[in-house]
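What follows is a short report on a single structure.
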Amino acid sequence: MPFPPFTYRNRNLFVEEVDLEEIARSAGTPVYVYSATAIRERYRRYDDAFDETPHEVFYAVKANSNLSVLRLLASEGAGFDIVSGGELYRVMRAGGPAEKVVFSGVGKTREEVEYALSTGIHSFNCESEAELALIDSIASRMGKTARIAMRVNPHVDAQTHPYISTGLRDHKFGIDIAAVEAVYARAAQFSHIAAEGVSCHIGSQLLDTAPLKEALDAVLELVERLRANGVPIRHLDLGGGLGVPYKPEQEEPDVTAHIQAVCERCAGHDLKLMMEPGRSIVGPAGVLLSRVLYRKSTDTKEFVVVDAAMNDLIRPALYQAYHEIVPLRQHMPGTVTADVVGPVCETGDFFARDREMANVLPGDFVALCTAGAYGFVQASNYNSRPRPAEVLVEGASWKFIRTRETSEDLIRGE
């Protein structure tokens, strides 16, 4: 079954007040469809849960960077967590205020740091001493002072997919919590850096919040040690990472309860709290619509061949990720156990394997659920396939927020 805000009415799949088959037929497939209401409500869950605690919610742009999505969140008062100069450019074009931007990432370039300083972003989450030296030298030349937080690696296992786990010593991210106090001491010698924060992010798609609380406790102890040594820590950036249900049997973490627990733990520490949710805001708010092209059988397998492919949604191939696949019209009785595959010439081009699903036929439309995060942003032109369109639904209306690429787009710049 699909997840809210996608629901069946009279056996047709709707988002808000729009029949998804109307979009599939009018916009063509494959096409990403997002619910504006769901994005807005899921952002407000975070913002409201902090109540009177000083805070800022920085949406992780990497999850879904469409300008219309960013503009919608900016209108709600969101800040933005970026990991590249290109993401900063998108935020600025969408009307996001630079002073509500945090720049994360392990490999910031000189050009990106200059761009960020010129716009006046809130702060940098730094991940190495070499990065500190670079930011200080550029800030000195530009006559600015850069606010920074060191990203601390607390050596806490997020117990998630290894590709999206970031909190262990073996990972490229952050500075070992056992070594970071010495780094803060050396950072004090830089004249154009203000070390005002501590940052921590241990991974993504966490359905159990216990590792986040374990990391928080370690970081709070660090904050007090730093302050005792004269480092004026004012803010604590707790990253993102809360997961969303991709399978019907999974339960979504209670965002409100988690944040309230965080606030209780941080009470008395005189800290502005910052969070960087991405997937948990946009993931369930989107689907990828696709049309069934063929049914194909062998002695051992049944295949459902659709017009979307791994270049449109790479998560199953890259992360072995699960996406619920449902028909837009519940008109065929029974089920089929099949591999759902796309047209790309790779055996890894699949969305499901041995999946019991609706008995769809050629011409039917299906929705790949929970595709609002890390969907289009990871799309490519592999096999010279134009990237899909994107659509935003609000109430009973919908609009294109990205037009489908054309063959001319494929060779632009060559």
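At a glance:
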quantity: Of residues in the range 27-66 being among the hydroxyl-bearing types (Ser, Thr, Tyr) and part of a helix (DSSP H, G or I), the one farthest from residue 285 (Cα to Cα); calculated: 46
quantity: Boolean, residue 110 is basic (Lys, Arg), at pLDDT 95 or above and buried (at least 18 other Cβ atoms within 10 Å of the Cβ); calculated: no
quantity: Neighbours by Cβ (under 6 Å, 6+ apart or cross-chain): first from the range 387-414, free of Cβ contacts under 8 Å to residues at least 40 places away in the same chain; second in a helix (DSSP H, G or I) and loosely packed, with under 11 Cβ neighbours inside 10 Å; calculated: 410/384
quantity: Count of residues meeting criterion [within 20 Å of residue 271 (Cα to Cα) and aromatic (Phe, Trp, Tyr)] in the range 186-209; calculated: 0
quantity: Residues that are assigned to a loop (DSSP other than H, G, I, E, B) and out of contact with any helix residue (DSSP H, G or I) (no Cβ under 9 Å at 6 or more places or on another chain), drawn from the range 271-291; calculated: 276
quantity: Condition check for residue 359: surrounded by fewer than 20 Cβ atoms within 10 Å (Cβ to Cβ), out of contact with any strand residue (DSSP E or B) (no Cβ under 6 Å at 6 or more places or on another chain) and of a type outside the set (D, E, K, R); calculated: no
quantity: Residue in the range 296-305 that is in contact with a Leu (Cβ under 8 Å, 6 or more places away or on another chain) and surrounded by fewer than 24 Cβ atoms within 10 Å (Cβ to Cβ) present; calculated: yes
quantity: Condition check for residue 370: modelled with pLDDT of 95 or more and within 30 Å of residue 59 (Cα to Cα); calculated: yes
quantity: Qualifying residue in the range 82-89 (condition: under 13 Å from the mean Cα position of the chain (by Cα) and among the polar types (S, T, N, Q)); calculated: no
quantity: Count - residues of the range 233-269 that are surrounded by fewer than 12 Cβ atoms within 10 Å (Cβ to Cβ) and either assigned to a helix (DSSP H, G or I) or in contact with a helix residue (DSSP H, G or I) (Cβ under 9 Å, 6 or more places away or on another chain) (or both); calculated: 2
quantity: Which numbered condition residue 402 misses (of (1) touching a helix residue (DSSP H, G or I) at 6+ places or on another chain (Cβ under 7 Å); (2) farther than 24 Å from residue 352 by Cβ); calculated: (1)
quantity: Top-ranked residue of the range 310-359 - restricted to ones that are of a type outside the set (Gly, Ala, Ser) and in a helix (DSSP H, G or I), ranked as nearest to residue 300 (Cα to Cα); calculated: 316
quantity: Any chance residue 69 is touching a Lys or Arg at 6+ places or on another chain (Cβ under 8 Å), surrounded by 16 or more Cβ atoms within 10 Å (Cβ to Cβ), modelled with pLDDT of 95 or more and under 20 Å from residue 374 (Cβ atoms); calculated: no
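The values are calculated or read from the model by the stated rules, or taken from the named source; none is laboratory data. Only a predicted model underlies this, so the values are computations on that prediction, with no experimental measurement involved. Glycine also receives a Cβ, built like all others from the backbone with ideal geometry; neighbour counts cover every protein chain displayed.
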